[in-house]
Amino acid sequence: MSRLPRFAFIIHPIDPREDVRRRYPWLAKVLPEKWIHYLSGLWPPLRLSEIEGVTSQATGQRIQGWLLACPLTPQRMRTSSLDFVYRKIIQTGRLAERLGAQIVGLGAWTAAIGDAGETVARALDIPVTTGDSYTVAVAVEQLRRAAERLAVVPWPAATVAVVGATGAIGRAAADVLADQVEQVLLVGRRPHSLQRVARALQARPRRAHIEATTAIERLTEAQFVLSATTAGRAIIHPEHLRPGSVVLDVALPRDVSLRVSRERSDVLVLDGGIVRVPGPVNFHFNFGLPRRLAYACMAETMILTLERRFECYTIGRTIPVDKVHEIARLGAYHGFEVGPWMSLGRRVRAEQWERTRQAAQRASAPHR
Ligand SMILES: NC(=O)c1ccc[n+]([C@@H]2O[C@H](COP(=O)([O-])OP(=O)(O)OC[C@H]3O[C@@H](n4cnc5c(N)ncnc54)[C@H](OP(=O)(O)O)[C@@H]3O)[C@@H](O)[C@H]2O)c1
């Protein structure tokens, strides 16, 4: 067995037909989608590929990893018992152990389901991390850079709405944002848990004014929106958004309706949590991003492996901001970078920025 530090990362089908097509093109042609959801639960965990070439820019350390599939679609996770879903994730974690991984990362809904990794971590013999700390760090940095690039509203004067503010990523992102911007609008669907989060965030002295709302229409007040829910379908529609706003969609599957990109050329929708990995990395598997790019949650597992910090770094729904800042610092040290601007999987063009900038200028001009 190789002596390199070793990790595994668990992914699952997000877009059932597309994901099946990548591995079994013939099957995707004949299977109705509801069968894919059903059959996903019967499939055993899979070793998808070996990840090679991740190399620290600071130390030259290389690491070795595996991409594993927990074959449950979001819909199958939502409609199955929590016990069944935990069992499937734990089975996939056991596969990571057998391969010799020293830490395993949970991707997308395998991190969000139930108690956000706590039960899975207790069951496995190797440490587990959700990757949410680094996802928050990267998402907030993406929005800050978007504000800098638009150069209409200075970041410290911005209003940022966080959709899914009661979730692990949403809450921690709001926590970090509250130290940077003028106003943070927490958007959620359950008033009590939303108020609990608002009170917890207001308990520390802050730059930002923090408000909570269940009215998604109030997104029109925000120049920037960060969305990270597990709705599993579009919940942000064209009529919800302010002209010239930037929406960072961190959710997988996406929270922002495809209609926004089609009908609102004055709004920029950005793909959230995308990073460039240092070294000649080859994932040997197409999970939907261009070469050398990865999701931030995957990158957190890689950063911890480069550091040989084999510990349950991010688990559960309350993520301390210190962890977000620490993993951001470690990521930068090893050469991880915020990825290129992408929207719906495509590079953002200069004219898209320009249209958004002009609309933002008009929206923020004082009315006569
Ligand atoms: N891009 C990346 O690198 C990356 C990395 C990790 C995760 N993710 C994605 O980020 C998202 C959030 O993950 P998480 O770990 O923060 O999940 P989480 O802790 O389970 O939080 C989910 C949030 O979504 C809200 N929600 C659920 N269903 C909803 C609906 N129908 N309408 C409105 N809000 C709804 C929940 O509200 P309640 O409190 O009311 O239930 C909660 O605020 C997921 O889609 C995940 O796949 C992306």
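Each value in this text was obtained by applying a stated rule to the coordinates, not by laboratory testing. Note that the coordinates shown come from a computational prediction; the quantities given were computed from them, not determined experimentally. Every residue, glycine as well, gets a Cβ built from its backbone with ideal geometry; the counts of neighbours run over all protein chains shown.
Would you mind calculating the gained length between His192 and Arg291 on full extension (0.36 nm times residue separation, minus the Cα-Cα distance), in nm to one decimal?
Details: separation 99, 0.36 × 99 = 35.64 nm, distance 4.29 nm.
Length gained between His192 and Arg291: 31.4 nm.
With the simple model of a label 7 Å out from the Cα in the direction of the Cβ, Arg199 to Leu258 spans 4.3 nm.
Once R0 is set to 30 Å, what does the formula 1/(1 + (r/R0)^6) return for the Cβ-Cβ distance between Arg347 and Lys34, expressed as a FRET efficiency to the nearest 0.05? Walk me through the intermediate numbers first.
On the way: r = 34 Å, r/R0 = 1.14.
Using R0 = 30 Å, I get an efficiency of 0.30.
Short version: what are the Cα gyration tensor semi-axes of the chain, square root of 5 times each eigenvalue, largest first, in whole Å? Don't skip to the answer; put the middle values down first.
Working: eigenvalues 212, 102, 86 Å².
Its equivalent ellipsoid spans semi-axes of 33, 23, 21 Å.
If I model the stretch 1-101 as equal point scatterers sitting on the Cα atoms and use the Debye formula, what is log10 I(q)/I(0) at q = 0.11 Å⁻¹? With no solvent term, the Cα-only Debye profile gives -0.40. Note on the stretch 1-67 and the stretch 206-236: Cα centroid distance 31 Å, given to the nearest whole angstrom.
Beta-bridge orientation, the stretch 1-101: approximately 50 percent antiparallel, per DSSP, counting only bridges with both partners inside.
Converting phi to 3J(HN,Hα) with the Karplus coefficients 6.51, -1.76 and 1.60 and the offset θ = phi - 60°, the stretch 203-213 yields 5, 9, x, 9, 6, 8, 7, 10, 10, 10, 8 Hz in sequence order, with x at every glycine or proline. Hydrodynamic analysis of the stretch 165-324 uses the Kirkwood radius over alpha carbon pairs. Inserted into Stokes-Einstein at 20 °C and 1.002 mPa s, it gives a translational diffusion coefficient of 124 µm²/s. Summary of the geometry: the stretch 252-329 and the stretch 130-204, compared by the centres of their Cα atoms, lie 16 Å apart. Please determine, in degrees from 0 to 90 and to the nearest 10, the orientation of helix 296-306 with respect to the longest principal axis defined by the Cα atoms of the chain, where the helix direction is its Cα long axis. For 296-306 against the chain, the angle is about 50 degrees.
Rounded, prolate or oblate: pick one for the stretch 143-259, where a ≥ b ≥ c are the square roots of the eigenvalues of its C-alpha gyration tensor, a/c under 1.5 means rounded, and failing that, prolate if a/b is larger than b/c, else oblate. It is oblate, given that a/c is not under 1.5 and a/b is not larger than b/c.
Just Phe287, Phe84, Phe310 to compare: in a GNM of the chain, with alpha carbon springs under 10 Å, which one fluctuates most? Of Phe287, Phe84, Phe310, the Gaussian network model singles out Phe84 as fluctuating most.
A cut-off of 5 Å between modelled amide H atoms, ignoring neighbours fewer than 5 places along the same chain, links Glu337 with Arg276. Label-to-label distance for Arg145 and Gln358 is 2.6 nm, based on points extended 7 Å past Cα in the beta-carbon direction.
Starting with the highest mean, order 300-308, 270-278, 56-64 by the number of other Cβ atoms within 10 Å, averaged over the residues of each peptide. If you can, show how the numbers build up before the last one.
Details: 300-308: 25.9, 270-278: 24.1, 56-64: 16.3.
Top of the packing list down: 300-308, 270-278, 56-64.
Looking at the stretch 217-368, the DSSP beta bridges with both ends there are about 45 percent antiparallel. The mean sequence distance of close C-alpha pairs (under 8 Å, at least 6 residues apart), as a share of the length of the chain, puts its relative contact order at 21 percent. Helix 191-202 and the longest principal axis of the C-alpha atoms of the chain enclose an angle of approximately 80°.
How big is the shadow of the Cα convex hull of the stretch 25-163, averaged over all directions, in nm²?
Numbers: hull surface 49.9 nm².
Dividing the Cα hull surface by four gives the mean projection, 12.5 nm².
Kindly identify the stretch 65-117 as rounded, prolate or oblate by the Cα gyration tensor criterion: order the square roots of the eigenvalues as a ≥ b ≥ c, call it rounded if a/c is under 1.5, otherwise compare a/b with b/c, prolate if a/b is larger, else oblate.
Details: a/c = 2.04, a/b = 1.96, b/c = 1.04.
Here the stretch 65-117 falls in the prolate category.
Placing +1 on each Lys and Arg Cβ and -1 on each Asp and Glu Cβ, with no other charges, gives the chain a dipole about its Cα centre of roughly 560 debye.
Peptides 98-106, 192-200, 72-80 ranked from most to least packed give 98-106, 72-80, 192-200, packing being the mean of other C-beta atoms within 10 angstrom over each peptide's residues. Assign one of three labels to the stretch 309-368, namely rounded, prolate or oblate, based on the Cα gyration tensor with a ≥ b ≥ c the square roots of its eigenvalues; rounded applies when a/c is under 1.5, prolate when it is not and a/b is larger than b/c, and oblate otherwise. Prolate is the answer for the stretch 309-368, as a/c is 1.5 or above and a/b outweighs b/c. Between the amide H of Gly272 and those of Asp249, Val250, distances stay under 5 Å, these residues lying 5 or more places away or on another chain, with hydrogens modeled in the peptide plane.
Peptide packing for 222-233, 340-351 was compared via the average number of neighbouring C-beta atoms within 10 Å per residue; ordered from the highest value, the list is 222-233, 340-351.
Within the chain, what percent of beta bridges assigned by DSSP are antiparallel, to the nearest 5? Don't skip to the answer; put the middle values down first.
Values: 14 of 48 bridges.
Bridges in the chain are about 30 percent antiparallel.
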